[in-house]
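Participant: Take a look at this one; I'll ask things after.
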Amino acid sequence: MTRLHCLVLLIAIHVVAGEIKNVGWWKNAVFYQIYTPSFKDADNDGVGDLKGITSKLEYLHETGIDAIWLSPIYASPMKDSGYDVSDFRAIHYQYGNAKDFDDLIKKAKELGIKVILEFIPNHTSTEHLWFLKSNIQDKRYADYYIWRNRTVDGKPPNNWLNIYGKSAWECPQYRKDCYLHQFHSNEPELNYNNPHVQVEILDIMRFWLDKGVDGFRINAAAYLFEDENYLDEPLFYFPGVANDGYNSLEHIYTKNQNKSYQLVQNWTNFLRDYADSRNTDEKVLMTEVYADFDNTLNYYKSGVQIPSNFFLITHTNSSSSPREFQNFVLSWMSIYHLKVFQQREVIPNWVTGNSDQKRTATRHPGRSDQMTMLAMILPGVAVTYYGEEIGMVDKSDLSFEDTRDLAGRNAGPNNYKRYSRDPSRTPMQWDNTTNAGFNNGSKPWFPIHQNYVNISLAAQKAANASHYKIYAKLINLKKTRAAIISGTLLIDTLADDKSLVVIRSEKK
């Protein structure tokens, strides 16, 4: 394994005139993703909940976290880990209730922690009231979803595939048409060509903003619109790239449509106007899009403050050389010097992990601290997945019976390990007591990694040196050193490409 060494030089140069000013609470912030059912179970029913999160806000505050991003907390039949929403205004019963959420917001505000909600505007559950009424062709809701007639021989409207490699169309026997679902068949796509749907979504955003949230992380932003001609997508072939299932088609009609960027811009404008009219702190929009540089640019152009940069996840691995890291960082930083952004400031962001990917310590064995250093020392926003601060690793021995993730379940018992995201979603390892301190003894909803006896927050706080102490120290540097807050960046390699050097220095 190629080792990656990060040498961080903080050069403090005394500046006589001027001082570093706060240009937005999020611009040098550390965001922390909480996978709600796996963080902390306060009522001991086996499932993490809002009260559990509230009980750990003091810990997040002392660590230096600026904002928490909560995975879906909405009412859901839980066929897709809560991404199949049946009521956007209600809390899923296992996570708590409206009062629990209000208490969380109140405590977070007392501690100065912002709260970001994961938002799923692309689709709903088939159990959502909108779909139930659309399904029976209720006049108001008939076009809330994308329905298309079958072909003359009774087949789906076209060859579009969902992300699992199956037809993206579900054709109920009792109807002549089919509904679109780019994800699971119980997650029908909303029709944003219907202005009533756009109004509904803004009303839902307003509902949560009124309750005190500080922004949203838009899930599956690339799929919001589809081409309205509904043509077959062309076959995809590229040497060396698997072209089976979903990857067998080139998704030119079902992803990254221009209307999607326009819709997202409407949402950024809405959040700005909301904050302006109420004199509140700036509201933030994050987007989840696994995209190339050009498509990421489009989200910046739409006013999104944090279009997630997943390149540290998707473009690096344990064998990546320091020079490869250097080239990646320089390529990404080049975005921020384009002429298109001369009229406004855009801020980089660095995501090291999330609930859809293998954990950092699993992807980069022996490098997790260096990955943390990069995310914290590079300019802009750092995003951490819960447990990464203590070096939690994937539970790779999960059985098919314990697998909850649809991607894994759909792959079957022989292939589930290739696709399941569950190994990175195990309960937080707080200490070495029963169930790793996740709860008071009830069987957790998901198996806990057996290494909690040795890897836990309590153990790392007590140790002289640990992943957690490095993590907390880096956050402190990020918040207190002018060179990191707004300084210049120089990145290079040394020793025949064996070391990566990152130099931040104060602007003269």
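Participant: Would you be able to say whether some residue in the range 81-103 is polar (S, T, N, Q), buried (at least 22 other Cβ atoms within 10 Å of the Cβ) and closer than 26 Å to Val30 by Cβ?
Facilitator: Among the residues of the range 81-103, not one is polar (S, T, N, Q), buried (at least 22 other Cβ atoms within 10 Å of the Cβ) and closer than 26 Å to Val30 by Cβ, which makes the answer no.
Participant: Lys473: loosely packed, with under 14 Cβ neighbours inside 10 Å, without any contact (Cβ under 8 Å) to a residue 60 or more places away in the chain and within 21 Å of Val30 (Cα to Cα), yes or no?
Facilitator: Yes; evaluated as a whole, the condition is true for this residue.
Participant: Further question: Among the residues that make up the range 429-445, is at least one of them over 22 Å from Ile53 (Cβ atoms), outside any loop (DSSP other than H, G, I, E, B) and at pLDDT 95 or above?
Facilitator: There is no residue in the range 429-445 that is over 22 Å from Ile53 (Cβ atoms), outside any loop (DSSP other than H, G, I, E, B) and at pLDDT 95 or above.
Participant: Which condition number does Tyr141 fail, the rest of (1) aromatic (Phe, Trp, Tyr); (2) closer than 17 Å to Glu226 by Cβ; (3) touching a helix residue (DSSP H, G or I) at 6+ places or on another chain (Cβ under 8 Å) being met?
Facilitator: Single failed check for Tyr141: (2).
Participant: Further, regarding this structure: Looking for whichever is part of a helix (DSSP H, G or I) and of a type in the set (Val, Ile, Thr) here; the options are Thr384, Thr403, Thr372. Which one fits?
Facilitator: One residue alone meets the criteria, Thr372.
Participant: Now a separate question. Could you check the range 23-54 and list, in sequence order, the residues that are under 17 Å from His449 (Cβ atoms), among the small types (Gly, Ala, Ser) and over 16 Å from the mean Cα position of the chain (by Cα)?
Facilitator: Those that are under 17 Å from His449 (Cβ atoms), among the small types (Gly, Ala, Ser) and over 16 Å from the mean Cα position of the chain (by Cα): Gly46, Gly48.
Participant: Report whether or not Asp100 is closer than 18 Å to Gly52 by Cα and touching a residue at least 24 places away in the same chain (Cβ under 8 Å).
Facilitator: yes
Participant: Would you call Lys301 within 17 Å of Met286 (Cβ to Cβ), surrounded by fewer than 18 Cβ atoms within 10 Å (Cβ to Cβ) and among the basic types (Lys, Arg)?
Facilitator: Yes: the conditions hold for Lys301.
Participant: Could you say whether any residue in the range 427-437 is among the β-branched types (Val, Ile, Thr) and either within 15 Å of Tyr386 (Cβ to Cβ) or under 26 Å from the mean Cα position of the chain (by Cα) (or both)?
Facilitator: No; the residues of the range 427-437 include none that is among the β-branched types (Val, Ile, Thr) and either within 15 Å of Tyr386 (Cβ to Cβ) or under 26 Å from the mean Cα position of the chain (by Cα) (or both).
Participant: Select from the range 446-497 the residues that are of a type in the set (D, E, K, R), in a helix (DSSP H, G or I) and either closer than 25 Å to Ser38 by Cα or touching a helix residue (DSSP H, G or I) at 6+ places or on another chain (Cβ under 6 Å) (or both) and list them in ascending order.
Facilitator: Scanning the range 446-497 gives Lys461, Lys469, Lys478.
Participant: Just to be sure before I move on: is Asn354 surrounded by fewer than 17 Cβ atoms within 10 Å (Cβ to Cβ), part of a loop (DSSP other than H, G, I, E, B) and in contact (Cβ under 8 Å) with a residue 12 or more places away in the chain in the structure I sent?
Facilitator: When the stated conditions are applied, Asn354 does not pass them.
Participant: Another question, then. Among the helices (runs of 4 or more DSSP H) lying completely within the range 46-115, list those that include at least 2 residues that are touching a helix residue (DSSP H, G or I) at 6+ places or on another chain (Cβ under 8 Å) and at pLDDT below 95.
Facilitator: none
Participant: A further question follows. Does Leu190 satisfy the condition of being closer than 30 Å to Ile105 by Cβ, in contact with a strand residue (DSSP E or B) (Cβ under 8 Å, 6 or more places away or on another chain) and of a type outside the set (Phe, Trp, Tyr)?
Facilitator: Taking the combined requirement at face value, the residue satisfies it.
Participant: Do we have any residue at all in the range 480-495 that's closer than 21 Å to Ile65 by Cα, exposed (fewer than 14 other Cβ atoms within 10 Å of the Cβ) and not aromatic (Phe, Trp, Tyr)?
Facilitator: yes
Participant: Please pick out the residue among Cys178, Cys171 that is within 25 Å of Leu263 (Cα to Cα) and touching a Cys at 6+ places or on another chain (Cβ under 7 Å).
Facilitator: Within the list Cys178, Cys171, the selection yields Cys178.
Participant: Related question: May I ask you to say which residue of Gly366, Gly353 is modelled with pLDDT under 95 and within 17 Å of the chain's Cα centre (by Cα)?
Facilitator: That would be Gly353, the only listed residue that is modelled with pLDDT under 95 and within 17 Å of the chain's Cα centre (by Cα).
Participant: So Arg206 clears everything in (1) within 29 Å of Tyr35 (Cα to Cα); (2) assigned to a loop (DSSP other than H, G, I, E, B) except one condition, right? Which one?
Facilitator: Here Arg206 clears every test but (2).
Participant: Now a separate question. Can you name the helices (runs of 4 or more DSSP H) wholly within the range 220-329 that have at least 1 residues being more than 30 Å from Asp497 (Cα to Cα)?
Facilitator: Per the criteria, 258-278, 293-301.
Residues are listed down the side, and each one gets a yes or a no for (1) of a type in the set (D, E, K, R); (2) surrounded by 15 or more Cβ atoms within 10 Å (Cβ to Cβ); (3) in contact with a Phe, Trp or Tyr (Cβ under 9 Å, 6 or more places away or on another chain):
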{"residue": "Thr151", "(1), (2), (3)": "no, no, no"}
{"residue": "Gly154", "(1), (2), (3)": "no, no, no"}
{"residue": "Tyr164", "(1), (2), (3)": "no, yes, yes"}
{"residue": "Glu170", "(1), (2), (3)": "yes, yes, yes"}
{"residue": "Phe183", "(1), (2), (3)": "no, yes, yes"}
{"residue": "His196", "(1), (2), (3)": "no, no, yes"}
{"residue": "Gly215", "(1), (2), (3)": "no, yes, yes"}
{"residue": "Ala221", "(1), (2), (3)": "no, yes, yes"}
{"residue": "Phe238", "(1), (2), (3)": "no, no, no"}
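Participant: Of all residues in the range 455-470, which are surrounded by fewer than 16 Cβ atoms within 10 Å (Cβ to Cβ) and touching a Phe, Trp or Tyr at 6+ places or on another chain (Cβ under 8 Å)?
Facilitator: Lys461
Residues are listed down the side, and each one gets a yes or a no for (1) without any contact (Cβ under 8 Å) to a residue 12 or more places away in the chain; (2) surrounded by 22 or more Cβ atoms within 10 Å (Cβ to Cβ); (3) more than 30 Å from Tyr164 (Cα to Cα); (4) in contact with a Leu (Cβ under 6 Å, 6 or more places away or on another chain):
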| position | (1), (2), (3), (4) |
| --- | --- |
| Val383 | no, yes, no, no |
| Ala407 | no, no, no, no |
| Asn432 | no, no, yes, no |
| Lys443 | no, no, yes, no |
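Participant: Out of the range 314-333, which residues are touching a strand residue (DSSP E or B) at 6+ places or on another chain (Cβ under 8 Å), modelled with pLDDT under 90 and surrounded by 18 or more Cβ atoms within 10 Å (Cβ to Cβ)?
Facilitator: none
Participant: Among the residues of the range 116-157, which ones are in a loop (DSSP other than H, G, I, E, B) and basic (Lys, Arg)?
Facilitator: Lys139, Arg140, Arg150, Lys155
The values are calculated or read from the model by the stated rules, or taken from the named source; none is laboratory data. Keep in mind that what you see is a predicted model, and the values were worked out from it rather than measured. Here Cβ is always computed from backbone atoms with ideal geometry, including for glycine, and neighbour counts include all displayed protein chains.
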